[in-house]
Amino acid sequence: MGVYLEQFPGALEPRRTPFDEPGEPVVPCAFIYLTNRYEGRWSYLMPVGFEKVHDPIDHVAMGYTQLWIMQKMQGIHPGGGSSRSRASKPIPAFDEGIERSDYVDLFHILREPGAGAMQHNDHLGGRRRYRDAVETARQHAQREHCRVVVAKLLHDWTWH
């Protein structure tokens with residue numbers, strides 16, 4: 001099994017990951033992100049509300065994880081320049097004072113899964129303000145030379 005949920009129905013055609021296209025989506029789109037998993041933790045882009053037709057419980061194997069349905073807000077690709085000047089200053093994961101119960105109100109920053117499926121620290125944090133989330137995502141993309149997405153958490157399901 002790979003990093004993406006290959007068999008989950010309802011993907012927009014042509015199939016695209018949340019990271020493939022930079023900028024804001026032309027049409028609202030959503031995706032699944034499963035925390036605490038190495039394999040099968042991402043879906044391809046789907047229309048917002050796909051879960052009303054394709055309930056994840058029918059298509060995703062259960063296991064201890066959070067199942068997040070997220071709306072893509074912005075895709076960010078790394079630019080051409082050097083990031084050495086920013087490398088010494090750590091980027092905080094969250095705004096000060098954020099707790100787990102605040103997650104549904106945040107703009108989340110997620111990086112594209114690495115070349116190896118074993119790397120799974122995709123969730124980089126969240127911000128209360130969209131503008132701050134986009135700027136933080138740009139910093140991560142530049143520093144880590146990877147594609148990053150800013151997304152809004154639509155649904156947060158806990159599975160055991």
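The values are calculated or read from the model by the stated rules, or taken from the named source; none is laboratory data. Just so it is clear, the structure is predicted and the values come from calculations on it, not from any experiment. Here the Cβ positions follow ideal geometry from the backbone for every residue, glycine too, while neighbour counts run over all protein chains shown. Areas reflect the complete protein model, heavy atoms only, side chains present, ligands, DNA and RNA absent. Shrake-Rupley method; radii C 1.70, N 1.55, O 1.52, S 1.80 Å.
Over the chain, what is the mean sequence separation of C-alpha contacts under 8 Å (at least six apart), divided by residue count, expressed as relative contact order in percent?
29 percent
Apply the Karplus curve 6.51 cos²θ - 1.76 cosθ + 1.60, θ = phi - 60°, to the phi angles in the stretch 2-15 and return the couplings in whole Hz, x for Gly and Pro.
In residue order, the calculated couplings are x, 6, 9, 7, 4, 8, 6, x, x, 5, 5, 9, x, 4 Hz.
Round to a whole number: what % of the accessible area of the chain belongs to carbon and sulfur, probe 1.4 Å? Spell out each step's value before the answer.
Working: 4410 of 8500 Å².
Percent of accessible area from carbon and sulfur atoms in the chain: 52.
Size of the dipole of the chain about the Cα centre, Lys and Arg at +1 and Asp and Glu at -1 on the beta carbon, nothing else charged, in debye to 20?
Details: 19 positive and 20 negative charges, 124 e Å.
Here the size comes out at about 600 debye.
Suppose every Lys and Arg Cβ carries +1 and every Asp and Glu Cβ carries -1, with no other charges. What dipole size does the stretch 1-66 come out with about its Cα centre, to the nearest 20 debye? Kindly include the intermediate steps, with their values, before the conclusion.
Details: 5 positive and 9 negative charges, 25 e Å.
With only Lys, Arg, Asp and Glu charged at Cβ, the dipole is about 120 debye.
Please give me the summed charge of the neighbours of Arg41: other residues whose Cβ is under 13 Å from its Cβ, Lys and Arg +1, Asp and Glu -1. Walk me through the numbers before you get to the answer.
Details: positive: Arg37, Arg111; negative: Glu6, Glu39, Glu112, Asp122.
Residues close to Arg41 contribute a combined charge of -2.
For the stretch 7-63, what relative contact order do you get, as a whole percent, if you take Cα pairs closer than 8 Å and at least 6 residues apart?
Numbers: 54 pairs, mean separation 23.7, N = 57.
For the stretch 7-63, the relative contact order is 42 percent.
Going Cα to Cα from Lys72, which lysines come in below 16 Å? Please leave out same-chain ones fewer than 8 positions away.
Lys152
Can you give the calculated 222 nm mean residue ellipticity of the chain, where each DSSP H run of n ≥ 4 adds -39,500 (n - 2.57) and the sum is split over every residue, rounded to the nearest 500 deg cm²/dmol?
Value at 222 nm, helices only, nearest 500: -3000 deg cm²/dmol.
Hey, what angle do you get for helix 130-144 against the long axis of the chain, alpha-carbon based, 0 to 90 degrees rounded to 10?
On a 0 to 90 degree scale, this one is about 80.
Which one of Thr65, Gly79, Cys146 is farthest out on the positive end of the charge dipole of the chain, using unit charges on Cβ (Lys, Arg +1; Asp, Glu -1) and the Cα centre as origin?
Gly79
What are the aspartates and glutamates whose alpha-carbon lies under 17 Å from the alpha-carbon of Lys89, with same-chain residues fewer than 8 places away excluded?
Asp132, Glu135, Glu144
When only Cα pairs under 8 Å and 6 or more residues apart are kept, what is the percent relative contact order across the stretch 2-97? Write out the running numbers ahead of the final one.
Working: 127 pairs, mean separation 33.4, N = 96.
For the stretch 2-97, the relative contact order is 35 percent.
Could you work out the pair-distance distribution P(r) of the stretch 1-82 from its alpha-carbon pairs, with 5 angstrom bin width and percents rounded to whole numbers?
P(r) for the stretch 1-82, in whole percents per bin: 3, 14, 26, 24, 17, 9, 5, 2, 1, 0.
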